[in-house]
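**Student:** Got a structure for you, questions after.
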Amino acid sequence: MSGPASIGRRRFLRALAVAGTSAVLAACGEAGDPAADAAPLTDDAATPQPSAWFKDTTPFLVHDDGKSLEARLENMDALITPSRFFFVRNNSVSLEVDVDAWRLAIEGDAVTNPLTLTYDDIRTLPSRTLVCYLECAGNHRAMFGLVQGRQSTGTQWMTGGVSNGEWVGVPLRDVLNSAGITDEAVSALLIGLDTESPEQGFRRALPVAKALHPDTLLAYSLNGEDLPRDHGYPLRALVPGWVGSSNVKWLGRIVVLKERLWTRNNTTSYVLIGDDYAPEGQALGKVTTTQVIKSALALPWPALLNAGRREIHGFAHSPHGPIRTVEWSLDSGRTWREAAVVEPQVQYSWARFAFEWDAPPGDHTITTRATDAAGNTQPDHIPFNEKGYLFNQPVPHPVQVS
Ligand code: MTE
C-alpha cells in the first residue's frame, strides 16, 4: 500500500490498539454527485454472478423482476429469521467478492486522513452485536393496489420484504473518526461494488449524524456466520430503523463530503412522490429515511385453514422502539381485540405477536394494527405515493376456512 492510504492505515491501526473491545447486545454519478469524480471503485475484487442469487430460491416468493426474493413470513416462528429465509433485494445481481483483494476506501473532502482497510483490519476492530430488522422501503407496496385500489409502480411486495437478523459489525463512526472526519462533514456516501447497478455501484448518502450514530454498523456477520454473499459479503452497512436501501451491500467505498449529496437514491428513487409530499432539495418528493410501524400475519396469502381453534401469530416492528400492543380485527377494523406481544423485546428487532382464534368455516379477513411504546399507531389511511413506499395501513389478510 502506498501514499496517504498507508499513512492513514498505520494511524488507524494504532488507534485500534488503544481501543478496547466492546461487544454490546443492544436491546435491539447523477448530476450533483461530487463523489463521481473521486478515485475509482476497488471493483477488481468483485464478480457478478450469472444468476441473480446464490441462495436456494425455493422458500421465497420470487418476483419476476429477477431482483427480489420475498420472504414467506409463514416459514418463520422464532425471533430471528434464518439466513436461508432472509429476503433479498438487489438492484442488479449478487456478487462474489474475493476477500483477499477486497478493500474499503474512506475518502472525501471532509476527512483529513483517507484510509484503505483490508478485511482483516475490519475484523480486528471493536465490534457490536445488534438484533435488527431490515426492511425494504417498498415492503407492503402491493397493498396500495389491494387496499387503496391504486397500484403504484415498482416490485409488488406483499408483506415479506422484511426479515430480522443478528448482526455483528464495527460502528461506522469508529472508522470515520480514524479517517479524521471533520466538523464540516455533512454526508457520508456509501458505495457498493455492484457496478451493474444504477450509478455503477448502488449508493446511498447518509446525513453525518446518522453515519456517526453508535448503532450504525459496518456489518460482517449475520446470524453467527460471515455475511452471506446475497447479503453483502464481505461488508455491508447496517442502519437500524432506516429504509433498506440505506443498508448498502458489498461496500467498497465511503466518501465523506462537506455538502449534502443528491444522487439517484435520494432524488428519484426512495422518494415519496405525490400530491401530499412536497419536493425536498433536488428530490422529486420527500426523501425516505426512517421506516414506519407495521404488522403482518405469518400466514400465506390467502391463508387456507381448517376450521377450529388455533394460534395465529405474526410480526410487528417500529423504528421508534418496542411494540406496546397489537390488535386484531375480523370486521375490517370496526372492532379490535388485543393479541399477546411476545416478550422480551429487543431494540431494533421485530416483535412476535400471537392470538387464539376459533376459526369458523367461511371466507374471512384478519386485520392487524400495531402501536409502539412511543404512541405511534398504524394509521387508517396514508396518502398515495407513486413509487409505493412506506405503506403501513392495517392490512386485511384473506383467510379461507373449511
Ligand atoms: N446494496 C447494494 N450494493 N446493492 C443493492 O442493490 N439493495 C438495497 C440494500 N443494499 C442493494 C444494497 C435494498 S433496496 C435493500 S431493501 C436491501 O439492500 C436489502 O438487503 P438484503 O438483500 O440483504 O435483504
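Only the coordinates and a few stated rules stand behind these numbers; no lab work does. These figures come from a predicted structure and were not determined experimentally. Cβ sites come from the backbone with ideal geometry, for glycine too, and all protein chains shown count toward neighbours.
**Student:** So for the chain, if I pair up every lysine 8 or more residues apart or on another chain, how many of those pairs have alpha-carbons under 25 Å apart?
**Tutor:** Lysine pairs satisfying the spacing and distance rule in the chain number 19.
**Student:** Related question: Report, in debye and to the nearest 20, how large the dipole of the chain comes out about its Cα centre when Lys and Arg carry +1 and Asp and Glu carry -1 on their Cβ.
**Tutor:** Approximately 480 debye in magnitude.
**Student:** For the stretch 275-379, which trypsin sites (Lys or Arg not before Pro) pass both filters: DSSP loop (anything but H, G, I, E, B) and at most 10 other C-beta atoms within 10 Å?
**Tutor:** Arg334
**Student:** For the stretch 45-88, with only Lys/Arg (+1) and Asp/Glu (-1) charged at the beta-carbon, what is the dipole magnitude about the Cα centre, in debye rounded to 20?
**Tutor:** About 160 debye.
**Student:** Within the stretch 377-402, list the residues whose amide N lies under 17 Å from a label point set 7 Å along Cα→Cβ of Gln151.
**Tutor:** Counting backbone N atoms under 17 Å from the label point, the list is 385-389.
**Student:** Now a separate question. For a test of the definition: using alpha carbon positions, the gyration tensor, and the 1.5 limit on a/c, classify the stretch 50-131 as rounded, prolate or oblate. Before the final figure, lay out the partial values.
**Tutor:** Numbers: a/c = 2.57, a/b = 1.76, b/c = 1.45.
Taking the square roots of the gyration eigenvalues as a ≥ b ≥ c, the stretch 50-131 is prolate.
**Student:** Shifting gears a bit: Run the quick spin-label model on Val186 and Arg260: label points 7 Å from Cα toward the beta carbon, then report their separation in nm to one decimal.
**Tutor:** Inter-label distance under the simple model: 0.8 nm.
**Student:** With the Cα gyration tensor of the stretch 155-246 giving a ≥ b ≥ c as the square roots of its eigenvalues, does the rule (a/c under 1.5 for rounded; else a/b larger than b/c for prolate; else oblate) give rounded, prolate or oblate? Numbers along the way, then the final one.
**Tutor:** Working: a/c = 1.66, a/b = 1.36, b/c = 1.22.
Taking the square roots of the gyration eigenvalues as a ≥ b ≥ c, the stretch 155-246 is prolate.
**Student:** Still on this structure: Counting only helical runs of four or more DSSP H residues, what would the 222 nm mean residue ellipticity of the chain come to if each run contributes -39,500 (n - 2.57) and the total is spread over all its residues?
**Tutor:** The helix-only estimate for the chain comes to -2500 deg cm²/dmol at 222 nm.
**Student:** Only sites in a loop by DSSP and with at most 15 other Cβ atoms within 10 Å count here; which GluC sites (Glu not before Pro) in the stretch 118-199 make the cut?
**Tutor:** Passing sites in the stretch 118-199 are Glu184, Glu196.
**Student:** Quick one: if you stick a label point 7 Å off each Cα along the C-beta vector at Val99 and Asp65, how many nm between them?
**Tutor:** The answer from the label model is 3.0 nm.
**Student:** Looking at the square roots a ≥ b ≥ c of the eigenvalues of the Cα gyration tensor of the chain, which shape do they give, rounded for a/c under 1.5, prolate if a/b is larger than b/c, or oblate?
**Tutor:** prolate
**Student:** Which trypsin sites (Lys or Arg not before Pro) in the stretch 177-243 sit in a loop by DSSP (not H, G, I, E or B) and have at most 14 other Cβ atoms within 10 Å of their own Cβ?
**Tutor:** Listed in order of number, the matching sites amount to none.
**Student:** Could you give the length gained by full extension between Thr57 and Val342, i.e. 0.36 nm per residue of separation minus their alpha carbon distance, to one decimal place?
**Tutor:** Using 0.36 nm per residue and subtracting the Cα-Cα distance, I get 99.6 nm.
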